[in-house]
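Here the structure comes first, spelled out in structure tokens, and everything after it is commentary.
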Amino acid sequence: MRSDTASHAALATLATLPVKGRAPQTGYDRAQFGQAWTDDVTVPDGHNGCDTRNDILSRDLTSIIYKPSTRNCAVATGTLHDPYTGRTISFTRGESTSTAVQIDHVVALSDAWQTGAQQLSSEQRQNLANDPRELLAVDGPTNEAKGDGDAATWLPPNKSFRCTYVADQVQVKSAYHLWVTPAEKAAMTAVLTHCSNPPAATPSPSSTRTPSPSSTHTSPLPLVPTTTAPQPADVYYANCAAARAAGAAPLYRGQPGYRAGLDRDHDGIACE
């Protein structure tokens with residue numbers, strides 16, 4: 001988890017990002033961001049003689065063995081301590097095995113396209129797609145489950161990594177002058193605020209005493225974002241699918257529509 005200082009810095013940067021609705025996906029194609037994993041970029045590791053995918057594998061894996069005669073470029077095997085799930089994954093290069101570890105664009109390229117990347121030059125888009133700040137080696141199936149989701153619709157299952165994940169999204173959006181949607185900003189704000197104000201530590205047994213009712217302390221709840229559109233006080237969602245269809249997910253404790261039955265892990269955020 002990032003430090004309080006880093007979370008506060010990410011919140012400050014988030015406050016500078018424009019907030020707009022999502023632009024149409026019209027014209028989006030992966031080719032709009034250049035050749036996949038090209039080395040022909042002006043971001044860090046560009047023009048180093050190794051493609052971007054292998055650059056990120058080399059950065060994020062441990063116990064690496066390189067394919068012979070590739071000048072320590074092509075990763076043959078290695079171990080990933082996956083940030084999205086917390087699992088340890090063995091990587092073996094091969095047609096049927098390489099997909100176990102995939103390189104995720106932290107800000108999905110489709111999301112980037114719909115939040116300002118259409119206005120970037122082709123060179124800028126190619127840099128974005130290959131920028132190390134935008135890329136992570138992660139568990140393949142989890143990456144596929146994320147799809148084109150933004151912070152309002154998908155967060156890593158590993159909760160201890162969510163602060164870092166959202167802060168990285170903010171950094172990328174700021175660097176490439178992208179905007180955030182109202183729902184996306186609300187979700188980012190909730191995550192980063194919770195990181196900046198973690199629950200109080202449990203006191204040691206030697207200092208434990210039974211507090212009086214007037215001094216009972218409770219851990220802070222996730223912030224209810226002020227940017228969330230108002231909803232009727234009696235709104236009810238039968239399930240998370242209904243909440244997502246209404247554009248209301250995720251739901252935060254205290255918001256109309258939130259109920260404990262939708263908050264399966266009881267963390268104050270339902271329909272994550």
For segment 95-105, give me each residue that is within 14 Å of the chain's Cα centre (by Cα) and surrounded by 22 or more Cβ atoms within 10 Å (Cβ to Cβ). Asp104
Looking at this structure, is Thr13 of a type in the set (Val, Ile, Thr), farther than 22 Å from Ser121 by Cα and touching a residue at least 40 places away in the same chain (Cβ under 8 Å)? yes
Restricting the first residue to segment 183-197 and requiring it to be over 13 Å from Thr164 (Cβ atoms), which pairs with a second residue that is among the aromatic types (Phe, Trp, Tyr) meet a Cβ separation below 7 Å and a spacing of at least six or different chains? Ala190/Tyr252
Those residues of segment 80-94 which are loosely packed, with under 14 Cβ neighbours inside 10 Å and within 21 Å of Pro68 (Cα to Cα) amount to Ser90, Gly94
Of all residues in segment 175-199 being at pLDDT below 95 and open to solvent by 60 Å² or more (accessible area, probe 1.4 Å), the one that is farthest from the chain's Cα centre (by Cα): Pro199
When every residue in segment 39-68 that is among the β-branched types (Val, Ile, Thr) and in contact with a helix residue (DSSP H, G or I) (Cβ under 8 Å, 6 or more places away or on another chain) is compared, the one nearest to Gly140 (Cα to Cα) is Ile56
Test Tyr66 against the criterion of being among the aromatic types (Phe, Trp, Tyr), closer than 27 Å to Ile269 by Cα and touching a strand residue (DSSP E or B) at 6+ places or on another chain (Cβ under 9 Å), and give yes or no. no
Lone qualifier among Ala6, Ala74, Ala31, Ala12 - being closer than 30 Å to Glu184 by Cα, small (Gly, Ala, Ser) and either open to solvent by less than 40 Å² (accessible area, probe 1.4 Å) or in contact with a His (Cβ under 8 Å, 6 or more places away or on another chain) (or both): Ala6
Of the residues in segment 108-140, how many are closer than 12 Å to His177 by Cβ, under 18 Å from the mean Cα position of the chain (by Cα) and of a type in the set (Ser, Thr, Tyr)? 1
Answer yes or no: is there a residue in segment 234-251 that is modelled with pLDDT of 70 or more and on the phi > 0 side of the Ramachandran plot. no
Where the second residue is part of a helix (DSSP H, G or I) and the first is among the aromatic types (Phe, Trp, Tyr) and lies in segment 149-178, which pairs have Cβ atoms under 6 Å and are six or more apart or on separate chains? Trp154/Lys146; Tyr176/Leu128
Whichever residue in segment 49-94 is aromatic (Phe, Trp, Tyr) and within 18 Å of Glu144 (Cα to Cα) and, among such residues, is farthest from the chain's Cα centre (by Cα): Phe91
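The values are calculated or read from the model by the stated rules, or taken from the named source; none is laboratory data. Quick caveat: nothing in here was measured; it's all calculated off a predicted structure. Please note: Cβ atoms are built from the backbone with ideal geometry, for glycine as well, and neighbour counts cover all protein chains shown. Side chains included, ligands, DNA and RNA excluded: accessible areas come from the protein's heavy atoms. Shrake-Rupley method; radii C 1.70, N 1.55, O 1.52, S 1.80 Å.
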